[in-house]
Amino acid sequence: MDLRKLLPSGKTPKTVDLDQAIANARLERFRIAAEAERLVGEREKLLLTADDETIAKHDQAIAAAWRQHDRADAVIAELERQVAAAAERQVETANRKFYDETIRERDAVEAWLRDEYSRHAEAIAKGIERIKALELRTAEANRRLPPGASPLTDTEWVVRRPPRSEAVLPLAQTVNLPGLVGGDLNFWPRNTIQ
């Protein structure tokens, strides 16, 4: 078998094809080593029985077998280099894909920030203002409670209270909606700058 035929030519090989070629080369190297060892084992008998020409031919066969073994080592090493290069290309391809996807997402988020953030932040800030105003109005209504009326509970507490808990931090105290550009007034808390 000509081991050089296991080396891919032309196109960029797939890792699975390279792995198969390595397995084939290792199998062939094992076969070649067994043949070389057999020839070496026969040499001693030939030294006792054969003429110099026969021994010289036998020595050439041993040398050819070990040369093939060395060639198998070289082919395996080259295939392993190609596997490493293919793996690196796969990583580079994956990294490029991830990078390109990130750029697309970044562009989409930038567009959302430019086109949508201010509108949504303003809507949330107005909602918080309504909550605060209702909180004050509820407190005042409870102070001015008509006869027979039940006290009103805080709407935010009713909606947001966690199960089995009495603690709720008001949105007005926890939400921070900065202006879109540094130095702009915050959407919430109002009239502040982050």
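The values are calculated or read from the model by the stated rules, or taken from the named source; none is laboratory data. Keep in mind that what you see is a predicted model, and the values were worked out from it rather than measured. Using ideal geometry, Cβ is built from the backbone for each residue, glycine included, and neighbour counts are taken over all protein chains shown. Side chains included, ligands, DNA and RNA excluded: accessible areas come from the protein's heavy atoms. Shrake-Rupley method; radii C 1.70, N 1.55, O 1.52, S 1.80 Å.
Side notes on the structure shown:
- The set of residues in the range 26-48 being open to solvent by 100 Å² or more (accessible area, probe 1.4 Å) and farther than 24 Å from L3 by Cβ consists of E44, K45, L48.
- Against the conditions (1) over 30 Å from G10 (Cβ atoms); (2) part of a helix (DSSP H, G or I); (3) open to solvent by 70 Å² or more (accessible area, probe 1.4 Å), K97 satisfies every one except (1).
- Inspection of the range 3-22 identifies no residue that is among the hydrophobic types (A, V, I, L, M, F, W, C), over 25 Å from Q90 (Cα atoms) and either exposed (fewer than 15 other Cβ atoms within 10 Å of the Cβ) or in contact with a strand residue (DSSP E or B) (Cβ under 6 Å, 6 or more places away or on another chain) (or both).
- L177 vs. criteria over 30 Å from P8 (Cβ atoms), surrounded by 12 or more Cβ atoms within 10 Å (Cβ to Cβ) and not hydroxyl-bearing (S, T, Y): yes
- Selection count, the range 133-174, where residues are open to solvent by 100 Å² or more (accessible area, probe 1.4 Å), within 54 Å of the chain's Cα centre (by Cα) and basic (K, R): 3
- Look at the range 136-165: where a residue is without any contact (Cβ under 8 Å) to a residue 12 or more places away in the chain and a partner is open to solvent by less than 100 Å² (accessible area, probe 1.4 Å) and in a helix (DSSP H, G or I), sitting 6+ places away or on another chain with Cβ atoms under 7 Å, you get P151/N142.
- Of all the numbered requirements in (1) surrounded by 12 or more Cβ atoms within 10 Å (Cβ to Cβ); (2) free of Cβ contacts under 8 Å to residues at least 60 places away in the same chain; (3) part of a helix (DSSP H, G or I); (4) not β-branched (V, I, T), S118 misses one, and that requirement is (2).
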